[in-house]
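Here's the structure we're looking at; comments come further down.
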Amino acid sequence: MVTAGRQKSWTGAVVNPPVWRASTHLYNNVAELREGVKSNEDGRFFYGRRGSPTQWSLADALTEMEPGAAGTMLYPSGVAAIACAMLAVLKPGDEILLTDSSYDPSRSYADAFLKRMGITARYYDPMIGSAINTVFTEKTKAILLESPGSLTFEVQDVPAICQAAKEAGIVSLLDNTWATSRFFAALENGVDISILAATKYIVGHSDVMMGAVTTHDKYWTRLRRTAQQLGQVVSPDDAYLAARGLRTLEVRLKQHEASALQIAHWLKSRPEVGAILHPAFSDCPGHEIWKRDFKGSSGLFSFQLTNGDEESRAAFIDALDLFGIGYSWGGFESLALPIDPAKYRTATDWRMDGVLVRLNIGLEDPDDLIADLAKGFEHYNSANKC
Ligand SMILES: *Cc1c(COP(=O)(O)O)cnc(C)c1O
């Protein structure tokens, strides 16, 4: 992570690959220009849309971090990465299966855009495991996994699902944003195409939107060609910031993990709290799978306010000073979000008493965060009384 993607020919005498701002790339002569068109090689100057050393270096680093990978494409957001990865492997008449725990924009993309393209989407129980093969039809060509789900944190049996998919000739795509390749080696666990909202932990500082898709030999050319045809490119400034974030990914993740675990254990001891939806807790569906397959846990989890309602939950969140209220996660600052997963379910029922809160645990002192949450509970309890 520290050395990944840092080729001397790209960095020169400095440590980080400089920001190459460019649309036009200049050739020395016509013969060289013609050669560039013909070869369409990675890591070669051509035109701004194909990137420059700033983007190549970041993409290379992400490839290096994913054992078994042939290459990585970068996209201007995580959603763009999901959309383009699906388009690269689907055609009209096909069907894609999505886990019922999928990130909502993945669902709406499949339900609206892919539907218009003549591609149908069906949803499956995230905990289905190897029984996934009972859901496959002749038309099924791709399957989307998200493990753990980013609201409800079910850990999927990725190796079993991907093995069944492989046997049926179905391509598997995993949204690996929560774990990143540091905590879950997607391709080694049987995934064909690994997707990251780099906006979250790769960037890590809440100041850049980016997506990345990494795959092995079989799908690499298709993925790359589709991204090029759709004109996907990230700015060199954003690539620079993402690469800078990447250098500290390991230490940040370790701290997110430790702080989130400390806070989750403290929450578990509170009388107001029921289930802790965190893969490292036995309350979490798939906890045993997490223990088997993952190298760690990151800083995002949810918990149940057993007797809470919409109003008392708002009182809890509004009382917090250190936790911002907002979307996204994976940055250095903590966030709290009211979540209502039942709204996004079609294949399974989501039932839990009370209400849920999702926390992104940032890099603040965890004791300060706990004091802040304790204050939230005071407001929550007063709101529940009246
Ligand atoms: C945020 C997120 C995305 C989308 O990333 P953007 O960069 O915000 O478009 C995709 N998947 C998951 C699980 C996410 O949390």
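Kindly provide the set of residues from segment 112-122 that are more than 17 Å from Thr348 (Cα to Cα) and either assigned to a strand (DSSP E or B) or free of Cβ contacts under 8 Å to residues at least 24 places away in the same chain (or both), ordered by number. Can you show your working first?
If we filter segment 112-122 for residues that are more than 17 Å from Thr348 (Cα to Cα), which is where we start, we get 112-120.
Correct list: Ala112, Lys115, Arg116, Thr120.
Matching residues to (1) at pLDDT below 95; (2) away from the ligand (no atom under 16 Å from the Cβ); (3) closer than 30 Å to Tyr240 by Cβ:
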residue: Thr72; (1), (2), (3): no, no, yes
residue: Ile82; (1), (2), (3): no, no, yes
residue: Leu90; (1), (2), (3): no, yes, no
residue: Thr99; (1), (2), (3): no, no, no
residue: Tyr109; (1), (2), (3): no, no, yes
residue: Met117; (1), (2), (3): no, yes, no
residue: Thr120; (1), (2), (3): no, yes, no
residue: Asp125; (1), (2), (3): no, yes, no
residue: Leu144; (1), (2), (3): no, no, no
Quiz item: So which residues in segment 371-386 are open to solvent by less than 30 Å² (accessible area, probe 1.4 Å) and either in contact with a strand residue (DSSP E or B) (Cβ under 6 Å, 6 or more places away or on another chain) or closer than 19 Å to Ala275 by Cβ (or both)?
Solution: Leu373, Gly376, Phe377, Tyr380
Self-check item: Output for segment 123-139, where each listed residue is under 20 Å from Gln163 (Cβ atoms), open to solvent by 70 Å² or more (accessible area, probe 1.4 Å) and either in contact with a Gly (Cβ under 8 Å, 6 or more places away or on another chain) or touching a residue at least 24 places away in the same chain (Cβ under 8 Å) (or both)
Solution: Met127, Ser130, Asn133
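Yes or no, residue by residue, for (1) assigned to a helix (DSSP H, G or I); (2) more than 25 Å from Leu249 (Cβ to Cβ):
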| position | (1), (2) |
| --- | --- |
| Arg6 | no, no |
| Val15 | no, no |
| Thr24 | no, yes |
| Glu35 | yes, yes |
| Arg44 | no, yes |
| Ala61 | yes, no |
Self-check item: Subset of segment 193-204 (residues that are open to solvent by less than 10 Å² (accessible area, probe 1.4 Å) and either more than 16 Å from the ligand (Cβ to nearest atom) or not polar (S, T, N, Q) (or both))
Solution: Ile193, Ile195, Ala198, Tyr201, Ile202, Val203, Gly204
Quiz item: Any residue at all in segment 245-258 that is open to solvent by 50 Å² or more (accessible area, probe 1.4 Å), touching a residue at least 60 places away in the same chain (Cβ under 8 Å), away from the ligand (no atom under 14 Å from the Cβ) and in contact with a Cys (Cβ under 7 Å, 6 or more places away or on another chain)?
Solution: no
Exercise. Output the residue which, of all residues in segment 294-344 that are charged (D, E, K, R) and not in a helix (DSSP H, G or I), is nearest to Ser147 (Cα to Cα).
Key: Lys295
Exercise. Please list, ordered by first then second residue, the pairs with beta carbon atoms under 6 Å, 6 or more apart or interchain, first in segment 264-292 and on the phi > 0 side of the Ramachandran plot, second buried (at least 22 other Cβ atoms within 10 Å of the Cβ).
Key: Gly286/Glu154; Gly286/Val155
Self-check item: Options Asp217, Asp207, Asp237, Asp175: the member that is open to solvent by 40 Å² or more (accessible area, probe 1.4 Å) and within 15 Å of the ligand (Cβ to nearest atom)
Solution: Asp207
Quiz item: Could you say whether any residue in segment 110-117 is crowded, with 20+ Cβ neighbours inside 10 Å and small (Gly, Ala, Ser)?
Solution: yes
Quiz prompt | Enumeration of residues in segment 294-319 that are open to solvent by 10 Å² or more (accessible area, probe 1.4 Å) and touching a Leu at 6+ places or on another chain (Cβ under 7 Å) | solution = Gln304
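The values are calculated or read from the model by the stated rules, or taken from the named source; none is laboratory data. Owing to the predicted nature of the structure, the values given are computational and were not obtained by experimental measurement. Positions of Cβ are generated from backbone atoms using ideal geometry, with glycine treated the same way; all protein chains shown enter the neighbour counts. Surface areas here come from the heavy atoms of the whole protein model, side chains and all, with no ligands, DNA or RNA. Shrake-Rupley method; radii C 1.70, N 1.55, O 1.52, S 1.80 Å.
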